[in-house]
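Asks: Sharing a structure, written as structure tokens. Questions coming.
FYI, it's all coordinate maths here, none of it is from the lab. In this text the structure is predicted, and so the values were computed from the model without any measurement. For neighbour counting, all protein chains shown are included, and Cβ atoms are generated from backbone atoms with ideal geometry for every residue, glycine included.
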Amino acid sequence: MLAIALLLGGVVASDSLVSAALIQWAKQTYGELAANRIVEWQNLMETHPDANETEKLTLVNDFFNRLTYRSDLNIWGKEDYWATPAEALGRGQADCEDYSIAKYFTLREMGVPEEKMRIMYVKALELNQAHMVLTYYPEKGAIPLVLDNLNGQILSADKRGDLAPVYSFNAEGLWLAKSRGRGEKVGSSSRISLWQDLKARMARETAQ
């Protein structure tokens, strides 16, 4: 389940997502295969400088969708836990929040402007359950593209009638969904406590 715990808090700035220390941490914590996945992630971010944004979306979407889907309870023993990209790659497992979060931070690291992306909480109508995806807006006012683990094909939101938007956020703000548009801004994303906890852990990872 996706819980919203609304608390005030600050935004943590990020540095480079992968370091030699992080790779070593993954090896010690999760094993050799996990360290290899972190190295592959680093290569993904560093070896496509000339790719356009559409190509980057496909590369990143395909890379993280290779992770095995598991619930937070099965992976972490908790009802709701937002894993960092390194944690998800370390386990080689993810739930819908983890896929979306990892894609967001990876694309941001690869130069996709933050204002073009939002992590969106939706209802998966066919499954009748809460779900999370990453949305990308090619230009202001455009219908966003949806990066999803349920459907690996990147489609525009108007072609995803199986998803009903609820709210979206990024490091800049929190929005209530209005149909399939950009929605109405209602506050800072720092109000989401799970998001704050996630970024604090990412800050510790990049400080290694």
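Asks: Quick one: which of LYS56/LYS78; LYS103/LYS159; LYS78/LYS116; LYS27/LYS116; LYS140/LYS199; LYS56/LYS159 span more than 24 angstrom between C-alpha atoms?
Replies: Too far apart for the 24 Å limit: LYS56/LYS78; LYS78/LYS116; LYS27/LYS116; LYS140/LYS199.
Asks: Still on this model: Report the trypsin sites (Lys or Arg not before Pro) located in region 105-141 that are in a DSSP loop and have at most 11 other Cβ atoms inside 10 Å of their Cβ, or state none. Before the final figure, lay out each step's value.
Replies: Details: sites: ARG108, LYS116, ARG118, LYS123, LYS140; in loops: LYS140.
Hits after loop and neighbour filter: LYS140.
Asks: Moving on to the next point. Under a no-solvent Debye model with one identical scatterer per Cα of region 98-139, what's log10 I(q)/I(0) at q = 0.19, 0.25, 0.34 Å⁻¹?
Replies: Per q value, in the given order, log10 I(q)/I(0) is -0.57, -0.82, -1.15.
Asks: Take every Cα-Cα pair in region 7-165 and report what % of them are more than 27 Å apart. Walk me through the numbers before you get to the answer.
Replies: On the way: 2915 of 12561 pairs.
Roughly 23 percent, rounded to a whole number.
Asks: In nm, what is the difference between 0.36 nm times the number of residues separating GLN28 and LYS78 and their Cα-Cα distance? Could the numbers behind the result be given before it?
Replies: Details: separation 50, 0.36 × 50 = 18.00 nm, distance 2.26 nm.
Residue separation times 0.36 nm, minus the Cα-Cα distance, leaves 15.7 nm.
Asks: What is region 83-131's relative contact order, in percent, from Cα pairs under 8 angstrom and six or more apart in sequence?
Replies: Details: 29 pairs, mean separation 13.6, N = 49.
Relative contact order of region 83-131: 28 percent.
Asks: What is the distance, in nm, between label points placed 7 Å from the Cα along the Cα-to-Cβ direction at LYS123 and at ALA21?
Replies: 4.5
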